[in-house]
Structure formats: structure tokens, C-alpha cells
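The values are calculated or read from the model by the stated rules, or taken from the named source; none is laboratory data. Source: prediction; values computed, not measured. Cβ atoms come from the backbone with ideal geometry, glycine included; neighbour counts cover every protein chain shown. Remember, those area values only see protein heavy atoms, side chains included, never the ligands or the DNA or RNA. Shrake-Rupley method; radii C 1.70, N 1.55, O 1.52, S 1.80 Å.
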Amino acid sequence: PYLEALSRLQDDVEPFSFKEVEEIVTAELGVRLSKAFSHFEAQPMAAASLGQVHRAEMRDGRQVVVKVQRPNIRETVVKDLEIMQGIAEFLDSHTEAGRRYDFALILGELRKSLMRELDYRQEARNLVTFNRNFRQFPRIIVPLPVEDYCTQRVLTMDYIEGRKITSLSPLALMDLDGYGLAEEFFRAYLRQILVDGNFHADPHPGNVFLTEDDRIALIDLGMTGRVTPQAQENILQLLLA
């Protein structure tokens, strides 16, 4: 039951109203929705814990999706983190597990990751970086952002048509070159960790799509991780051993 409840946070959260979407996009882009886009769908394609995604069309005909951050979500996250900070400090001071694991330190890492994820400008930069890094893997694609339409709370990027990998029927899976895709995905992750030192850290089913031409699309680059050269060397030695 807990796994099922948590999985709904990926893309099946109660959406917020289109009126709020319109207000946020207008305030962030400094232009009315009808001026910025030739078409903008009121119904979101997906709604997750931090934001929701709407399909739209640019004035030049470019098909895009627009990710809009939930109203006041930053303030909510900050308050929750403050509560968790108090709990972590208490556990670190009064329990053996706290002294062993240093929960305050773990929470500090979570705080940094969440604050980065709440800045969509960082995600736009990640999209550009990973699109470039994945070019040697023809079966993996990452959408590019529309840079002039990206702010801290609004992210506009290319629309990629596809289905969640977990939604595929047994018959569809039989027709799929699953081994080849898994092999390329695995090699891409090895490169991210051992060569690029920068990896996609949130590959849950809501972020990994299978496209119409049987490629893997990573559609959410809000959470990434970095590997230091020393850690890369250690991981490589471990793999060789």
C-alpha cells in the first residue's frame, strides 16, 4: 500500500486549477498565455508532487510541453524541511541510530536536491547537457528546452510522444527489443557515472517513456547527481575487480 501511494506522486496527483496555471505562466513569462502560445491545453497531461505538465504549441508551430510549478510549493517544502530538521537533530542527539547515521547530514543533502529541483532554470540547463551527452546513444533521447520560455517556476520543452514503460501490455513488450534498449540504457548510465560525472538521478516510471519509434525518452531532468573524479576511479576499480 505504501509503494502504491508513493507511486501516485510520480504523475497522478490532484492537479491545481487552470486559472492558477495561467496566472503563474503570465507572471513568470511577462506575457499573456494567448500571446506566448498559439494553443495551450487547459487539462494537464500529468500532475506530480512539485508541478504539472500541459501540452502547448508555440507561435511558430513547435510542439511543446509546459511544466508549471505548484502554487506556494516552495514555502510548503521549506516548512516541511524545518520540521524534519528538528526531528533529525533530536534523533542524532538521543538515539544510537542517529549517532550512527547522522540524519541531519542526510537531510541536508535532501534539502540541496529539492531546492535545485524547485528551480526550473537548472532543469533547463540539465536538459541541454544531457541531450548533448546522449548523442552517441541513438535510442535514448532528451527533449530540449525553449530557453526564452523557461524561468524558475515555468519550464517549456519539446513535446515527445510516448508511453510510460510500466504501462506497456505483455503483447507490446513481446514486440519490443527490450534487451537492446536495456543494454543501451545501461551503457548510457555507465557513461554518465564513469565518464561524464553527471547522472540522471530520478529514473522512475513517470520520467522514462517509450516513444512511438521504440526509443527511450528521459523527460524529467530536475534531479541529477555528480560523481567526483576520485569516486569515479573507485567505482571503476570496483567494477574491474
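Once you order the gyration tensor axes a ≥ b ≥ c over the Cα atoms, which shape class does the range 54-167 get: rounded for a/c under 1.5, otherwise prolate or oblate by comparing a/b with b/c? In terms of gyration-tensor shape, prolate. Treating the Cα atoms of the range 1-119 as identical point scatterers in vacuum, please give the log10 of the normalised Debye intensity I(q)/I(0) at q = 0.21, 0.22 Å⁻¹, two decimals. Once normalised to I(0) and log-transformed, intensities are -1.17, -1.22. Extending 7 Å from the Cα toward the beta-carbon at both Arg163 and Arg191 defines two label points whose distance is 2.7 nm.
Compute the length gained on full extension between Leu176 and Leu6: take 0.36 nm times their separation in residues and subtract their Cα-Cα distance, giving the result in nm to one decimal. Taking Leu176 through Leu6 to full extension adds about 58.4 nm, to one decimal.
Once the Cα-Cα distance is subtracted from the 0.36 nm per residue extended length, the Ile83 to Arg132 segment shows a gain of 13.7 nm.
The distance between label points at Arg226 and Lys35 comes to 3.8 nm (points 7 Å beyond Cα on the Cα→Cβ vector). Computed per residue of the chain from DSSP H runs no shorter than four, each worth -39500 (n - 2.57), the mean residue ellipticity at 222 nm is -14500 deg cm²/dmol. Legend: translational diffusion of the range 1-48 by Stokes-Einstein, Rh = Kirkwood radius over C-alpha pairs, 37 °C, 0.692 mPa s; D = 265 µm²/s. Give the residues of the range 54-95 whose amide nitrogen is closer than 14 Å to a point set 7 Å from the Cα of Leu110 in the direction of its Cβ. In the range 54-95, the label zone of Leu110 (backbone N under 14 Å from the point 7 Å along Cα→Cβ) covers 77-92. Both radii are taken from the alpha-carbon atoms of the chain; with Rh as the Kirkwood radius, Rg/Rh is 1.00. Normalising the Debye intensity of the range 20-79 to I(0), with uniform scatterers on Cα atoms only, and taking log10 at q = 0.14, 0.17, 0.18 Å⁻¹ returns -0.40, -0.57, -0.63.
As an exercise, use a Förster radius of 30 Å and the Cβ-Cβ distance of Ala241 and Ala97 to find the FRET efficiency, rounded to the nearest 0.05. The partial results should precede the final answer.
Working: r = 31 Å, r/R0 = 1.04.
In this case the efficiency is close to 0.45.
An ellipsoid equivalent to the range 145-241, defined through the eigenvalues of its Cα gyration tensor, has semi-axes of 26, 23, 9 Å when rounded to whole angstrom and sorted largest first.
Contact order, relative form, for the chain: 16 percent (alpha carbon pairs under 8 Å, 6 or more residues apart, mean separation divided by residue count). Nonpolar atom fraction for the chain, defined as the carbon and sulfur part of the 1.4 Å probe accessible area, stands at 56 percent.
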